[in-house]
Amino acid sequence: MTFSAPYPPYDPLDKSGFSYDTVIRRWPIIITSIIDELHNACHFLVLESQALDDSASDKKALLDEKVKEGNEVVAKISKLKYEMARDRVMDEIEDDGEGNRDVYNQELAKLGEDNRNTWFTAPWLFAECYLYRLLRSYFAVTKQWNNYDPFHSSKLKTFKQSGASIYKIATTIHDLEKRKGELIANPSKLQILFTEMVQMCLWGNATDLSLLTHMTEEDIKNLQTTVWEHLKGLKNARVDFVLDNAGFELFTDLVFADFLVTYTPHVSSVVFHPKLIPWFVSDVLPVDFTETLSVLSDPSNFPEADSSPESLEHLKSMVNRWKSYVETGVFKLSVPLDTPLGGGGEKGKKANFWTTPYPYWDMETLDPELVKYLKESGLVIFKGDLNYRKLTGDIKWPAWTPFDEALGPLAGAFPLLSLRTNKADVAVGVPKDVVEKLDADEESEKWRVDGR
Ligand code: F6P
Ligand code: MG
């Protein structure tokens, strides 16, 4: 490590902070939901096995083994939940043959030297990343649950509830198509649209879709002017999205990426960076990326949405364009589309860093290849709250600290934009008088975490 921040990181020792609330309330809910998911899956496997006759003994043996392994995973997760609630020492991650295990175990050992290797005493960012890597190890060591994402069904379910916004956005994009020539000839109109696209992509990170209507903030506009000025100087550049959540947020990322390559002369390709393991519940895995395109291609996935025949057509033509972009390499993932969970060794190498527990300020030291790759980008867009926490180190910066200062040595390494709705205490780049006003007002005092 080269950079040492002048303030400590957030941790749950401060009971008034959001991290305490997460550790005592949110994590147990997430863990319990995985146990439920597994119980359910095992239940159906048992029924399937019982329905087989003796002629299918091989299949039966496989199913029975899967149930046995599933129950073993449940036992591990239940033990984890018990130990977490009692603030026990965090276990070493067992040898599952997958990436970053040593990284986590070494950091755990260091925390142990300061007696900070328990669930309530470790820095929140570390503990939360470790939790998802630990959970992954429980599945990775099995034979039959190795490629299982315990959050898959919840991601899909939420996505299927966002049909109304999806159709609305598809129609907006369709209307743009008619104005393509006019827009390309008139960059000031393009700038207004760009502003709207950034806002849509930003609010795609909100958990509450009704926030999509919050589109008039003056300060956001100022920021976007800066980004637009930067983009205007590019020609046929590559833009990178360090992705956050699957489902509706990924949809808005794709819409924004589509806008950049289809309607501006500045960008000609987009690389999307997914995660390799189930991560912070909703994050995009390679398989989610492919699935999103197929889910969007089948209107029966959005039964509750009030779609018209026109809007169905609009969505279809937009998604077909995205599919052709994927085929021709205009859109691509940082790793092969068929990268399995865990990364499959060399295959997933380019995505390995995103599931380490590290702040991004030492990216250059920790993953020089990745930084070299991102330096070729015209703009790197970091999506979501966790990326923001890692960009700023999840440190207790005074909120008026300049963003560049909080980035530490990463500042200036490559042009970057962070789009995040606030879901954690850390905040920087906010004028001091605004911070004081927000903190003082009862209506806004939760501004650091309320996602608004
Ligand atoms: O609810 C809190 C939390 O789990 C944070 O720990 C984390 O930063 C955030 O949610 C994840 O949000 P996002 O998907 O926007 O990165
Ligand atoms: Mg996320």
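The values are calculated or read from the model by the stated rules, or taken from the named source; none is laboratory data. No experiment lies behind these values; they were computed from the predicted model shown. Glycine gets a Cβ as well: all are built from the backbone with ideal geometry, and neighbour counts include every protein chain shown. Quick note on the areas: whole protein, heavy atoms, side chains included, nothing else; ligands and nucleic acids left out. Shrake-Rupley method; radii C 1.70, N 1.55, O 1.52, S 1.80 Å.
For this structure, a couple of remarks:
- Selection over region 125-179 of residues that are within 21 Å of ASN105 (Cβ to Cβ), out of contact with any strand residue (DSSP E or B) (no Cβ under 7 Å at 6 or more places or on another chain) and not polar (S, T, N, Q) gives a count of 15.
- The single condition among (1) within 16 Å of ligand 2 (Cβ to nearest atom); (2) in contact with a Gly (Cβ under 6 Å, 6 or more places away or on another chain) that LEU285 does not meet is (2).
- Search result, residues across region 95-122 that are part of a loop (DSSP other than H, G, I, E, B), surrounded by 14 or more Cβ atoms within 10 Å (Cβ to Cβ) and not β-branched (Val, Ile, Thr): ASP96, GLU98, GLY99, ASN100, ARG116, ASN117, TRP119, PHE120, ALA122
- Failed item in (1) within 24 Å of LYS423 (Cβ to Cβ); (2) β-branched (Val, Ile, Thr); (3) at pLDDT below 85, with THR225 passing the rest: (1)
- Options ASP253, ASP283, ASP298: the member that is over 26 Å from ALA127 (Cα atoms) and touching a residue at least 12 places away in the same chain (Cβ under 8 Å): ASP253
- Candidate set from region 134-175 (those that are closer than 30 Å to VAL74 by Cα and of a type in the set (Ser, Thr, Tyr)); member that is surrounded by the fewest Cβ atoms within 10 Å (Cβ to Cβ): SER153
- Look at (1) over 19 Å from the mean Cα position of the chain (by Cα); (2) in contact (Cβ under 8 Å) with a residue 12 or more places away in the chain; (3) on the phi < 0 side of the Ramachandran plot and you find that SER324 fails only one, number (2).
- Single residue of region 420-434 satisfying the filter (part of a loop (DSSP other than H, G, I, E, B) and β-branched (Val, Ile, Thr)) that is surrounded by the most Cβ atoms within 10 Å (Cβ to Cβ): VAL426
- Taking residues in region 372-398 that are of a type in the set (S, T, N, Q), and partners anywhere that are within 10 Å of ligand 1 (Cβ to nearest atom), the pairs with Cβ atoms closer than 6 Å and at least 6 places apart or on different chains are THR392/VAL426.
- Selection count, region 398-417, where residues are open to solvent by less than 20 Å² (accessible area, probe 1.4 Å) and either more than 21 Å from PRO368 (Cα to Cα) or in contact with a Ser or Thr (Cβ under 8 Å, 6 or more places away or on another chain) (or both): 5
Here's the yes/no breakdown for (1) polar (S, T, N, Q); (2) within 16 Å of ligand 2 (Cβ to nearest atom); (3) more than 21 Å from the chain's Cα centre (by Cα); (4) closer than 28 Å to VAL449 by Cα:
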{"residue": "GLY344", "(1), (2), (3), (4)": "no, no, no, no"}
{"residue": "THR356", "(1), (2), (3), (4)": "yes, yes, no, yes"}
{"residue": "GLU376", "(1), (2), (3), (4)": "no, no, yes, no"}
{"residue": "LEU386", "(1), (2), (3), (4)": "no, yes, no, yes"}
{"residue": "THR401", "(1), (2), (3), (4)": "yes, no, yes, yes"}
{"residue": "LEU407", "(1), (2), (3), (4)": "no, no, no, yes"}
{"residue": "ALA413", "(1), (2), (3), (4)": "no, no, yes, no"}
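- Region 232-253 - residue that is away from ligand 2 (no atom under 16 Å from the Cβ) and out of contact with any strand residue (DSSP E or B) (no Cβ under 6 Å at 6 or more places or on another chain) and, of those, most open to solvent (accessible area, probe 1.4 Å): LYS235
- Verdict on VAL449 being within 16 Å of ligand 2 (Cβ to nearest atom) and over 16 Å from the mean Cα position of the chain (by Cα): yes
- Residue within region 385-393 that is of a type in the set (A, V, I, L, M, F, W, C), under 22 Å from THR252 (Cα atoms), part of a helix (DSSP H, G or I) and open to solvent by 10 Å² or more (accessible area, probe 1.4 Å) present: yes
- Residue selected from region 303-339 under the condition open to solvent by less than 80 Å² (accessible area, probe 1.4 Å) and among the basic types (Lys, Arg), by the criterion farthest from PRO286 (Cα to Cα): ARG321
- Just one of (1) touching a strand residue (DSSP E or B) at 6+ places or on another chain (Cβ under 8 Å); (2) more than 16 Å from ligand 2 (Cβ to nearest atom); (3) open to solvent by less than 20 Å² (accessible area, probe 1.4 Å) fails for HIS273. It is (2).
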